[in-house]
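The values are calculated or read from the model by the stated rules, or taken from the named source; none is laboratory data. These figures come from a predicted structure and were not determined experimentally. Virtual Cβ from ideal backbone geometry, glycine too; neighbours counted across all protein chains shown. These accessible areas exclude ligands, DNA and RNA; they are computed on the full protein's heavy atoms, side chains included. Shrake-Rupley method; radii C 1.70, N 1.55, O 1.52, S 1.80 Å.
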Amino acid sequence: VCFLITMRESKCPFMRLTFFILSLAQRASHALSTHLPGAASLSLSSGGDLIVLGAGWVGSRLAARLLERGNRVRVTNRPNLQRKVPYFQPLPLPAHMPRHEFDLASKETWASLPPPETLKAAVLTFATTPALIEPFWEQYLQYVPQVICYSSTAVYRVDEPGQIVREDTPLRETPRALAETYMQDRGATVLTISGIFAEARGARGVCTCLAAYTSSGGALNGRKSVNMVHVKDIIEATAMVLTLPREHHASRLNVGGYHFLLGDLCSHCQHPPIPNVEDVDLSSKRVCSGKLLSCLPRGFSFVEPFQGCSVDQGRHAVAGTDLTQEAGVKVPVNMANMAQIQEANAKVPSSTRNPAIRHGAVPVKGG
């Protein structure tokens, strides 16, 4: 490994050419292995180490869960990390888990990372920009067999309040979105995540999230569309993506969880009444997770932000047309005909009913 690193960083053209040829051979071997019988069913613990770049609130919980599943896991934290408030406090990790001081904006810290050739995958949990990620990709990430990047549903361009958002929805031309597109074009899988919540009595319960939203000056309108996903579902989605064959990399997947109205959340949390007027907020959207749900085990169900999200009208993430094709009903999905769709779905035997319908998903043809 040290010899490979020396070749990669050498100024000698012959040495760099040799490293390039060896890298191509390694990638070809990996690509062939993903097409062998049973390749997709390999256990997550096979291969090299997993590194979580940014062991913050979500990253630390991801690392802990992957470790529990028998993986060799490494994490990074910024140098001189300071204690955070409970809302952002990372989960304490075992002392034996390797840690690396790393700051993408400080190139001198890159040397603290393990050689990329020793890794199985890297999960980038924080937002970045093209100016920062491009040199890091060229020097490091391109040599990691699999890269997963966390994104936010805020990258999508919303032209109409309450718009349905899928993976093919145009992105806003923000630095974060441009950086993610750069990585995706080079093989990274981008997980686009909604608002994150956790257990009700913890620092990230949905009512605590609501309090954080209101205290930060968030727009209060009962008709605003909100999407939230449990941290456990983010971890489950990440673990699933880590098992995907190489040909399924270089894609974007929504991890949207549930859709509901802000007024419903305020009622659940016994928040004082808020205005209930026409929704004109372009951050108001309904995120569709159908592509992800088609990859997860049959029967998978997102964790509900609060009781009743899966059944009350207006609390689903609504999908597009063809949602009720299994039941023989072909109508556009909107709030006016939701009752008709629910009635049609009820006629489908529970053993064959697509769980994606409950989460605003469009069944993805061809797997």
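For segment 102-213, the fraction of C-alpha pairs more than 20 angstrom apart is 51%. Here segment 90-248 is assigned +1 on the Cβ of each Lys and Arg and -1 on the Cβ of each Asp and Glu. Its dipole about the Cα centre then comes out at about 520 debye. Expressed as a fraction of 2.2 N^0.38 Å, the C-alpha radius of gyration for segment 87-136 is 1.32. A cut-off under 11 angstrom between Cβ atoms defines the neighbours of Thr76, and their net charge, with Lys, Arg +1 and Asp, Glu -1, is +1.
Near Met97, within a Cβ-to-Cβ distance under 12 Å, what is the net charge of the other residues, with Lys and Arg +1 and Asp and Glu -1? So the surrounding residues net to +1.
On the beta carbon distance between Thr129 and Arg69, with R0 = 30 Å, the FRET formula returns roughly 0.40. Within the shell of other residues whose beta carbon sits under 12 angstrom from the beta carbon of Thr128, the net charge comes to -2, with Lys and Arg scored +1 and Asp and Glu -1.
When a 1.4 Å probe is rolled over the protein heavy atoms, the share of accessible surface on segment 51-141 that falls to carbon and sulfur comes to 54 percent. Measuring against 25 Å, Cα to Cα, the residue pairs Lys84/Lys232; Lys232/Lys291; Lys84/Lys120; Lys232/Lys285 contain Lys84/Lys120 as the ones spanning a longer distance. The relative contact order of segment 205-270, computed from alpha carbon pairs under 8 Å that lie at least 6 residues apart in sequence, is 53 percent.
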